[in-house]
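Only the coordinates and a few stated rules stand behind these numbers; no lab work does. Note that this is a predicted model, so its numbers are computed, not measured. Please note: Cβ atoms are built from the backbone with ideal geometry, for glycine as well, and neighbour counts cover all protein chains shown.
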Protein chains: 2
Amino acid sequence: MSKELTPRNENYSQWYQDLVLKADLAENSAVRGCMVIKPYGYAIWEKMQAQLDTMFKETGHVNAYFPLFIPKSFFSKEADHVEGFAKECAVVTHYRLKKNPDGKGVVVDPDAKLEEELIIRPTSETIIWNTYRNWIQSYRDLPILINQWANVVRWEMRTRLFLRTAEFLWQEGHTAHATKAEAVEETRKMINVYAEFAEDYMAMPVIKGAKTENERFAGAIETYSIEALMQDGKALQSGTSHFLGQNFAKAFDVKFTNKNGAEDYVWATSWGVSTRLMGALIMAHSDDNGLVLPPKLAPFQVVIVPIYKKAGQLAAISEKVGEITAKLKARGISVKYDDKDTKKPGWKFAEYELKGVPVRLAIGPRDLENGTVEVARRDTLKKEVVGVANIDEFIAGLLDEIQENIYKKALDFRAGMITKVDTYQDFKDILSNKGGFILAHWDGSSETELKIKEETKATIRCLPLEYEEEKGVCIYSGKPSKRRVLFALSY
Amino acid sequence: MSKELTPRNENYSQWYQDLVLKADLAENSAVRGCMVIKPYGYAIWEKMQAQLDTMFKETGHVNAYFPLFIPKSFFSKEADHVEGFAKECAVVTHYRLKKNPDGKGVVVDPDAKLEEELIIRPTSETIIWNTYRNWIQSYRDLPILINQWANVVRWEMRTRLFLRTAEFLWQEGHTAHATKAEAVEETRKMINVYAEFAEDYMAMPVIKGAKTENERFAGAIETYSIEALMQDGKALQSGTSHFLGQNFAKAFDVKFTNKNGAEDYVWATSWGVSTRLMGALIMAHSDDNGLVLPPKLAPFQVVIVPIYKKAGQLAAISEKVGEITAKLKARGISVKYDDKDTKKPGWKFAEYELKGVPVRLAIGPRDLENGTVEVARRDTLKKEVVGVANIDEFIAGLLDEIQENIYKKALDFRAGMITKVDTYQDFKDILSNKGGFILAHWDGSSETELKIKEETKATIRCLPLEYEEEKGVCIYSGKPSKRRVLFALSY
């Protein structure tokens, strides 16, 4: 397969697809809508998981595991929830196969029909709150601060690798609290954790905000999200945190005795990010040459390629590389030495550019003589020759610089792609000609929101948590408005 | 719920069940046969995962992720495989629910029937080898050394927490090789990794061996297992590694061009351990007071309990505990300080004994005066008063000692529970009166093996890899035999 990617400005969507496949991140499987996450893609996901898991634990959470299956009857208990998920549920109806009596292969054994069908979890609020009922009697049992790393299934009709797949990997936090205030605080705390992760690790600026009623999680009182901007000017919702009020406690009869001895329903939150973050990461920074990975999430941060003509030269180079590698590893920098002799340096350079390795070192016989090494950075594609003596210090600084630079580049891009508009005509013009985030006044009604969506496909991404009060009129209805909200086309 | 466990000698099985529930490790869920792994249990599993994952990576493996679903037709492609798993498959037949037209709740939408049913993976050989077909053309694409951490479902009729559940968590390695020798070597390498993990981390001695044809994995040419002995004298298969030959390559048409330019089918292995290891860990060491955890897998290795009468004393104790904790953490020792004032020290002592925390420190006003701390170890239940000055060094040494002691205790127990027998009568006597592993001669036939199983319930656990050639006669048939094999009743 050619390493060439379709250029972004020719066909952005094809560029993304090419990149995911050619950088060996993921591919479609034989099962409709389900992907195979390949080792290089999974290594990035593992880096994300490790950091998120650390951040969850630092904020007092513990991990647990709940069943993959949800009895169908649980699903109907919270009215909005079932409404939101019923149309995309994979359903287990039987528990046995048998030999096909008419010939080859196997058939579902009709005698092994389940009394009650089981839903593959699309999210776990129902099975978890049914469990919490037995864990909570008194305020002393609260809060419960649990996270789960799991696979979930939502039978999406149109799927795209990482961005929307029938099965995906995610984490889902499910917390239980004695007071509304505490649950609201948890909801906000976790959207902040997600924003911090997106910005400090993915190098991807995000806007935190509240979703409108239409866009809320099915069963939530309030949904916060982080919204990132992709290079094609579309928004990508990258994480959500939901204040669920007492909805699930009421649906599953989860009561507790509070400090005053009175009985009350428990307050809930849930929050999640998924392998969709991989899609965000890929699209946020990469270019027509391939992936650009922030050093903090790169499976290996440095690749070293030996440049030599005679086999005898390789031994001396490898010895020097051994020294360099040891020094880099001592600083916690991950390194791959690619001394495979079946590929030429030029092929390797292209390969590691495609895979987004932040720093590439090339070292040849002349470098050995001069005590130098060639350093190439992936983000700017610039090369320089550097003395080998303090290479570890140099690379450590360079990795920090790359991490910052990638973030700054994405931030600058976004800054140029947030437009304030005051008329519906301008709104439509910006959407067609520029894209990006649009800050505009809205009258607060679902009706207006849906009309705008119908006419332009743009949605209200969120009501940003940071905003200025400003009197204006709704771009669609002309009714008065107190603040601007964030519109965009989205993934 | 009372903290008291049913004593082992009264009802071992009830003791296990009590312990899993009361130590907050896991519980049954609302879904038949599926468990909820609670935070304390999951924390132990995370420790296991982290160590195994490190060992897999050190032996050259990488992680990836394949779909939860397997098309039904894939399943039939390897004849033995489908035979082995067809009877316990959860089957997805529909992908949508809709409102019940007759009233409340939801029903499966009959219009959303899948063309081909999907099986929830009971193991992933079929979906993975179908994928490998596209990844492998030449010997240069080999070996593929992939592991997957995942949930799997086997619709077991009789389930027990951790030991046998319909859904369980596991890892499954799936490797592809250019030669038979390399695949056989991989199969052996991984059973050695499992044995090393069981002995060095779980402190659980195991016997490595080959399974008989009857007990092999469905589709394998050779299955190696590690067999551990539980305190009730029953064996527990704790991990398996399979040499699959070219069976799956043939079933899924996975060919490659070898170094000589000839086409051949690819050689395969697979290997796995699951949350069943949790059951093994619990049963291997624990006693009538609760869990006994090896320090290397304990969620926290040290718990500190303050002993005080007046609130004013707590501040001074907590200050000293802060110093101790800092010193312990600097050595990589995990510590929990339980200064909750809602529970008395006696309650806490019982609680942490139940939870198997390896070392408990108690510290009161007199200890502050004397510069001492009371140290209690969970394995022997012995206490001593120790100077606080070098407490970190002392505890570090103690944790090593406990890890060793637990292993040695299990090893001594097992040594006394391996019996050589030469007659069928002795075999049956030992089985009824003593249990444990029995080394006996066997004629090598499936018929004999099945007869013995039918009459005594004992199975051949394995043909140990380490054995002495020794002429004898089969205890059942009297036919000649060259070696003893390992029998036991098992989980």
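Structural remarks
- Within-13-Å neighbourhood charge of B:GLN137 [Cβ basis; K, R +1; D, E -1]: -1
- In this structure, the amide hydrogen of B:GLU117, modeled 1.01 Å from its nitrogen in the peptide plane, lies closer than 5 angstrom to those of B:LYS72, counting only residues at least 5 positions away or on a different chain.
- Bins of 5 Å from zero: percent of alpha-carbon pairs in the range B:418-488: 4, 19, 32, 29, 14, 2
- Residue-wise HN-Hα coupling along the range B:173-180, computed from phi with Karplus coefficients 6.51, -1.76, 1.60 (Hz; x: Gly, Pro): x, 9, 10, 10, 9, 7, 10, 4
- Distance between the C-alpha centres of the range B:230-264 and the range A:39-105: 28 Å, rounded to the whole angstrom.
- Copy-to-copy label separations for A:ALA350, where each label sits 7 Å from Cα toward Cβ, in nm and ascending: 7.2
- Hits among aspartates and glutamates - C-alpha to C-alpha of B:LYS382 under 19 Å, sequence gap 8 or more where chains match: B:ASP287, B:ASP288, B:GLU351, B:GLU353, B:ASP367, B:GLU374, B:ASP392, B:GLU393, B:ASP400, B:GLU401, B:GLU404
- In order through the range B:99-113: 3J(HN,Hα) via Karplus (6.51 cos²θ - 1.76 cosθ + 1.60), integer Hz, x for Gly, Pro: 4, 5, x, 8, x, 6, x, 10, 10, 5, 7, x, 6, 10, 8
- Fraction of beta bridges assigned by DSSP in the range A:418-488 that are antiparallel (%, nearest 5): 75 percent
- Amide H partners (placed H, <5 Å) of B:VAL106, local residues excluded: B:ASN100
- Fully extending the segment from B:LYS99 to B:ALA415, taken as 0.36 nm per residue of separation minus the present Cα-Cα distance, adds 107.5 nm.
- Applying 1/(1 + (r/R0)^6) with R0 = 51 Å to the Cβ-Cβ distance of A:ASP288 and B:ASN214 gives a FRET efficiency near 0.30.
- Protection proxy ranking of A:244-257, A:383-396, B:351-364 - average other beta-carbon atoms within 10 Å, highest first: B:351-364, A:244-257, A:383-396
- Degrees separating the helix A:345-354 axis from the principal Cα axis of chain A, which is the longest one: 20 degrees
- Rh (Kirkwood; distinct C-alpha pairs) - the range A:154-199, Å: 13.2 Å
- Distance between the pseudo-spin-label points of A:GLU182 and B:ASP426 (7 Å out from Cα toward the beta carbon): 6.5 nm.
- Here the extension length gained between A:TYR467 and A:LYS482 equals 4.3 nm, from 0.36 nm per residue of separation less the Cα-Cα distance.
- Note, ³J(HN,Hα) from phi for the range A:19-30, Karplus 6.51, -1.76, 1.60, rounded to Hz, x at Gly and Pro: 5, 4, 6, 6, 7, 6, 8, 6, 8, 6, 9, 6
- Efficiency of FRET from Cβ geometry, B:ASP53 and B:ARG366, R₀ 35 Å, rounded to 0.05: 0.20
- DSSP-assigned coil residues among trypsin sites (Lys or Arg not before Pro) in the range B:1-54, each with at most 14 further Cβ atoms within 10 Å: B:LYS3
- Mean residue ellipticity (222 nm) of chain A, computed from DSSP H runs ≥ 4 via -39,500 (n - 2.57), nearest 500: -11000 deg cm²/dmol
- Close amide H pairs (under 5 Å, H built 1.01 Å from N) link A:MET204 with A:GLU199, residues at least 5 positions away or on another chain.
- Between the beta carbons of A:GLU404 and B:SER138, assuming R0 = 41 Å, the FRET efficiency works out to 0.45 to the nearest 0.05.
- Each DSSP beta bridge with both residues in the range B:1-159 is either parallel or antiparallel, and the antiparallel ones are about 85%.
- Relative contact order (%) - criterion: Cα under 8 Å, at least six apart; region: chain A: 14 percent
- One chain, two ends: B:SER73 and B:LYS329. Fully extended at 0.36 nm per residue, the span grows by 86.8 nm beyond their Cα-Cα distance.
- Radius of gyration over Kirkwood radius for the range B:323-444, both on Cα atoms: the Rg/Rh ratio is 1.22.
- Here each label is just a point 7 Å from Cα along the line to Cβ, and for B:LYS250 and A:ALA311 those points are 3.9 nm apart.
- Look at the alpha carbon pairs under 8 Å that are at least 6 residues apart: their mean separation over the length of the range B:319-398 gives a relative contact order of 26 percent.
- Cα shape, chain A, gyration tensor, a/c 1.5 rule: prolate
- Shape of the range B:12-285, Cα gyration tensor, a/c cut at 1.5: oblate
- Environment charge at B:LYS250 (Cβ cut-off 14 Å; Lys +1, Arg +1, Asp -1, Glu -1): -2
- Taking one quarter of the surface of the C-alpha convex hull of the protein assembly as shown gives a mean projected area of 46.6 nm².
- Nearest-ten-degree value, helix B:446-456 long axis tilted from longest Cα axis of chain B: 40 degrees
- Antiparallel DSSP beta bridges within the range B:226-374, percent to nearest 5: 65 percent
- Relative to the dominant Cα principal axis of chain B, helix B:276-285 is inclined by about 40°.
- Separation in nanometres of the label points that stand 7 Å from Cα toward Cβ, at A:LYS457 and A:ASN11: 1.6 nm
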